[in-house]
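Peer 1: Below you will find the structure I want to go over with you.
The values are calculated or read from the model by the stated rules, or taken from the named source; none is laboratory data. A quick note: this is a predicted structure, and the numbers were derived from the prediction, not measured. Here the Cβ positions follow ideal geometry from the backbone for every residue, glycine too, while neighbour counts run over all protein chains shown. The area values use the complete protein model at the heavy-atom level, side chains included, leaving out ligands, DNA and RNA. Shrake-Rupley method; radii C 1.70, N 1.55, O 1.52, S 1.80 Å.
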Amino acid sequence: MIKIAPSILSANFANLEKDIKILERGGADWLHLDIMDGNFVPNITFGPIVIKSLRKITKLKLDAHLMIEKPERYIEDFKKAGTDILTVHVEATTHLHRTITQIKKLGMKTGVSINPSTPAIALREIIPFVDLVLVMTVNPGFGGQKFIPTMIRKIQEVAIMCETSGRKIHLQVDGGIDETNIRAVYEAGATVTVAGYSIFSKENIPKAIQNLKKLTR
Ligand code: DX5
Ligand code: ZN
């Protein structure tokens, strides 16, 4: 069964604590936090200061997805805020191996993400050093976008790279995941999926999470 990491990008930012408690009731495995700088992606969200507050009100694993240029500048800040998993984009940092090493040294789980047009091979040299790979199934920047079906093949390719690495690596997918495509990404090799709009757009959020899980039994 796949792990569900709801993205709070589609939550009610006027009352995050209330929405997070509802996610917990629905059996969310992680909390996916989309950090955007208006540079790497055409949108701005929030930073470590919000994570620091969320750390106090939930025990869920805080899974920070950094869609920011030069993420190496803020690794310590995210650690201090209480981040568990820190994911950076291959396309956003010149010295990716050094950045991943820094994240690991600070005791966080390391993640690396690739945009839809970045080939899986871009992960080859860094896979031996990471705990998670995040395959974007939409162009990053916004929730509620349409899943890009050609990403299924890329997920399969990355799954083989993870398997042959001999390491336990989470294969996370992110963007436009809902009840119509979650089975396909699971069968392609995804072990964790992010979901924002497909969860928060439903009347019964806990049930929406359970339905997604049921589809990957
Ligand atoms: C997009 C973010 C995603 C997004 C997922 O840049 O990385 O995590 O919030 O949201 P949905 O599931 O609404 O596509
Ligand atoms: Zn994300």
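Peer 1: With respect to Thr99, is the statement that it is open to solvent by less than 50 Å² (accessible area, probe 1.4 Å), within 16 Å of ligand 2 (Cβ to nearest atom) and in contact (Cβ under 8 Å) with a residue 24 or more places away in the chain true?
Peer 2: Considered against the rule, which asks whether it is open to solvent by less than 50 Å² (accessible area, probe 1.4 Å), within 16 Å of ligand 2 (Cβ to nearest atom) and in contact (Cβ under 8 Å) with a residue 24 or more places away in the chain, Thr99 comes out as no.
Peer 1: Same structure again: When only residues in the stretch 45-84 that are aliphatic (A, V, I, L, M) and within 12 Å of ligand 1 (Cβ to nearest atom) count, which is surrounded by the most Cβ atoms within 10 Å (Cβ to Cβ)?
Peer 2: Looking at the filtered set, the residue picked out is Leu66.
Peer 1: If I filter the stretch 1-32 down to residues being of a type outside the set (A, V, I, L, M, F, W, C) and under 16 Å from the mean Cα position of the chain (by Cα), which single residue comes out as most open to solvent (accessible area, probe 1.4 Å)?
Peer 2: Lys3
Peer 1: Does Gln210 count as over 16 Å from the mean Cα position of the chain (by Cα), open to solvent by 30 Å² or more (accessible area, probe 1.4 Å) and within 21 Å of Asn12 (Cβ to Cβ)?
Peer 2: yes
Peer 1: Which of the residues that make up the stretch 158-177 are among the charged types (D, E, K, R) and more than 15 Å from ligand 2 (Cβ to nearest atom)?
Peer 2: The answer is Glu163, Arg167, Lys168.
Peer 1: Now for a different question. Could you please find all residues in the stretch 1-44 being of a type in the set (Val, Ile, Thr) and either touching a Cys at 6+ places or on another chain (Cβ under 6 Å) or in contact (Cβ under 8 Å) with a residue 12 or more places away in the chain (or both)?
Peer 2: Correct list: Ile2, Ile4, Ile8, Ile20, Ile22, Ile35, Val41.
Peer 1: Right, Gly47: touching a strand residue (DSSP E or B) at 6+ places or on another chain (Cβ under 7 Å) and either within 16 Å of ligand 2 (Cβ to nearest atom) or over 28 Å from Gly166 (Cβ atoms) (or both) or not?
Peer 2: yes
Peer 1: Looking only at the stretch 131-157, count how many residues are of a type in the set (Val, Ile, Thr) and more than 16 Å from ligand 2 (Cβ to nearest atom).
Peer 2: So the count comes out to 2.
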